[in-house]
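The values are calculated or read from the model by the stated rules, or taken from the named source; none is laboratory data. Keep in mind it's a predicted model, so treat the numbers as computed, not measured. With ideal geometry, Cβ positions are generated from the backbone for all residues, glycine too; neighbour counts draw on all protein chains shown. Protein only, heavy atoms only, side chains kept; ligands, DNA and RNA dropped before computing areas. Shrake-Rupley method; radii C 1.70, N 1.55, O 1.52, S 1.80 Å.
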Amino acid sequence: MRDVPQLRAVLRNPQLAPETKADVVVEIIGEADQLLRNFLRLAAEKGRIGEIADIARELDRLMAAEEGRLDVELTTAYELSDEEADSIVKQIEQASGRRVEAARSVNADLVGGLVLKAGSLEVDSSVRGRLIRLRRELAQGAHT
């Protein structure tokens with residue numbers, strides 16, 4: 001659904017009957033695992049197929065908690081080497097006491113440093129973040 005906006009539009013269309021949506025889903029997934037097919041058909045028939053991305057995220061969150069896994073997003077100003085990324089992940093694992101899986105991305109606007117997101121927690125130790133905080137502090141100091 002993330003890659004095909006037309007599919008998302010069809011499955012979220014309130015004018016289509018749930019049975020029609022179920023048929024579309026079954027046709028798309030073809031010979032996938034029987035349990036998966038049954039689950040997606042049920043979600044479609046109960047009018048919940050439009051929320052399948054949210055359902056998948058929640059399932060992943062529950063599985064991560066059960067497995068003691070922490071999923072994080074690590075954004076840096078430049079591409080990290082595998083050794084650099086592994087070093088950061090090991091530090092997070094030691095601090096959290098959990099196994100960490102990190103999705104990595106690059107945002108040159110950060111200038112330097114990194115932004116780490118884990119669930120609703122965000123730690124911004126980027127140069128851009130520091131400049132924004134400094135600007136805010138200076139603006140507050142000017143108004144006092």
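Looking at R57, R99, can you tell me which residue is touching a helix residue (DSSP H, G or I) at 6+ places or on another chain (Cβ under 7 Å), modelled with pLDDT under 95, of a type in the set (K, R) and open to solvent by 80 Å² or more (accessible area, probe 1.4 Å)?
Exactly one of R57, R99 is touching a helix residue (DSSP H, G or I) at 6+ places or on another chain (Cβ under 7 Å), modelled with pLDDT under 95, of a type in the set (K, R) and open to solvent by 80 Å² or more (accessible area, probe 1.4 Å), namely R99.
Residues checked against (1) assigned to a strand (DSSP E or B); (2) under 20 Å from the mean Cα position of the chain (by Cα); (3) surrounded by fewer than 12 Cβ atoms within 10 Å (Cβ to Cβ):
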position: A64; (1), (2), (3): no, yes, no
position: A85; (1), (2), (3): no, yes, no
position: S105; (1), (2), (3): yes, yes, yes
position: L116; (1), (2), (3): yes, yes, no
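Give segment 66-83 a look and list any residue that's within 23 Å of L114 (Cα to Cα) and either part of a helix (DSSP H, G or I) or open to solvent by 80 Å² or more (accessible area, probe 1.4 Å) (or both), or say none.
Hits for segment 66-83 are E73, Y78, E79, D82, E83.
Check G47 against each of (1) at positive phi; (2) part of a helix (DSSP H, G or I) and name the one condition it does not meet.
Against the list (1) at positive phi; (2) part of a helix (DSSP H, G or I), G47 comes up short only on (2).
Hey, any hits in segment 35-50 for a residue that's within 30 Å of S125 (Cβ to Cβ) and of a type in the set (F, W, Y)?
no
Please work out which one of (1) in contact (Cβ under 8 Å) with a residue 40 or more places away in the chain; (2) more than 30 Å from P14 (Cα to Cα) is the condition I92 fails and give its number.
Unmet condition: (1).
What's the number of the only condition in (1) of a type in the set (S, T, N, Q); (2) touching a residue at least 12 places away in the same chain (Cβ under 8 Å); (3) farther than 30 Å from E93 by Cβ that N38 fails to meet?
Result: N38 fails condition (2) only.
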